[in-house]
Amino acid sequence: MDLKGKAALVTGATSGIGLAIAESLARAGVRLVISGRRAELLAAHAKRLPQCIAIPGEITDAAYANDLFARAVQHCDGLDIVVNNAGRVATGSIDEIDIDTVCAMVRVNVEAAFRIAHLAVKHFRARAKGHLINTGSVLGTKVRASIGAYAGTKHAVEALSEALRLELAGTGIRITTVEPGLVRTDLHRDIAKKAGVLPDVAEPLTPEDVARSVMFALDQPPHVNIPRIMLLPRDQVI
Ligand SMILES: NC(=O)c1ccc[n+]([C@@H]2O[C@H](COP(=O)([O-])OP(=O)(O)OC[C@H]3O[C@@H](n4cnc5c(N)ncnc54)[C@H](OP(=O)(O)O)[C@@H]3O)[C@@H](O)[C@H]2O)c1
C-alpha cells in the first residue's frame, strides 16, 4: 500500500511511541498533525519532520481536543489515519496509590481516547474510509498486581475498539489496537525507581518496534483488517 500523500493525526507525539510512529509515517510520505503538551518539543519535531505541523495542548480539555481535530481536518483537507496514542501510567497497590493521580490517568487514557475515537469515527464515516489506530497495551488483556487501574484503562480501550470493529463492519473504516509489552520510553520516568513495579526484562521493546507494527497494520490492502497486534519483549513473562 502506498501511504504517500495520505494525512494523519498522531496524539502523544512529543516522545516515545507516538513520536516513533510520526517519524515512520513521515518517512512514508504521510502529511502529519502532531499533538502533545510540551509545546517547544512538539514544535521542534514538526520543524524536523517533513509536511508536519504541531498543535500542542491538554488532550483532556474537550475544547482543545475538538479544536485539534477540526484544525487537523482543515489543514490536511481530511484525515486518512488517526493514531490515538496519548497516555500515562499510575501504579501502586490499593493502599499506596494516589486516587487523584488515578483519576487524572483515567481522563487521559479513557475519556480523551474515547473522545478522539468518537471524532475520528464521525469524520471517517462521512468519507466512508479511514484507519483508527488505538494504542492499547498487553495490560489491556491481562492484569498484574499494583497496576490494576492502568490495566483497567487499557481494557476500556480494547472494549471500545472491539465494539467499533463490530459496529463499523462494511463502512470502509478500519480499527487496529496495538498492544505493546514493556517499551523503553518516558512513560515510566516516575515509577522506574520503584522496586518490582516494572517487569524484569533485560531488553524492552523500542518505540520503533511498536511503530513497525503500526506500519504493518496500515500497509494492508483495503479488504484486510488487523484488529489487534500484541508485541512483547522476547523475555517478558506476563
Ligand atoms: N511504554 C510502555 O511500556 C507502554 C506499553 C504499552 C502501552 N503504552 C502506551 O503507549 C502510549 C504512549 O506512551 P509512551 O510509552 O510512548 O510514553 P511517553 O513517551 O510518556 O508518551 C506519552 C505521550 O502522551 C502525551 N500525553 C500524556 N498526557 C497527556 C495529556 N494530558 N495531554 C496531551 N498529551 C498527553 C505525552 O505528551 P506530553 O508529555 O508532551 O503531554 C507524550 O507525547 C500510551 O498510551 C501508553 O499507555 C506504553
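Every number in this text was worked out from the coordinates using simple rules, so none of it is lab data. Source: prediction; values computed, not measured. Positions of Cβ are backbone-derived with ideal geometry, glycine not excepted, and every protein chain shown enters the neighbour counts.
Some observations on this one:
- Cβ-to-Cβ counts within 10 Å put 103, 76, 52 in ascending order as 103, 76, 52, the fewest first.
- Dipole orientation for the chain: of the candidates 146, 182, 42, 42 has the Cα lying most toward the positive pole (charges on Cβ; Lys, Arg +1; Asp, Glu -1).
- Stokes-Einstein D in µm²/s, Kirkwood radius over Cα pairs - the chain at 25 °C with 0.890 mPa s viscosity: 137
- Dipole in debye (nearest 20) - region 7-231, about Cα centre, beta carbon charges: Lys, Arg +1; Asp, Glu -1: 540
- Neighbour-count ranking [beta-carbon atoms within 10 angstrom, fewest first] of 161, 93: 93, 161
- Nearby aspartates and glutamates by direct alpha-carbon distance to residue 47 (threshold 16 angstrom, same-chain neighbours under 8 apart not counted): 23
- In a DSSP loop and with at most 16 other Cβ atoms within 10 Å, the trypsin sites (Lys or Arg not before Pro) in region 152-238 are 184, 189, 193, 194, 234.
- Neighbour counting of Cβ atoms within 10 Å sorts the residues 21, 229, 133, 94, fewest neighbours leading, into 94, 229, 133, 21.
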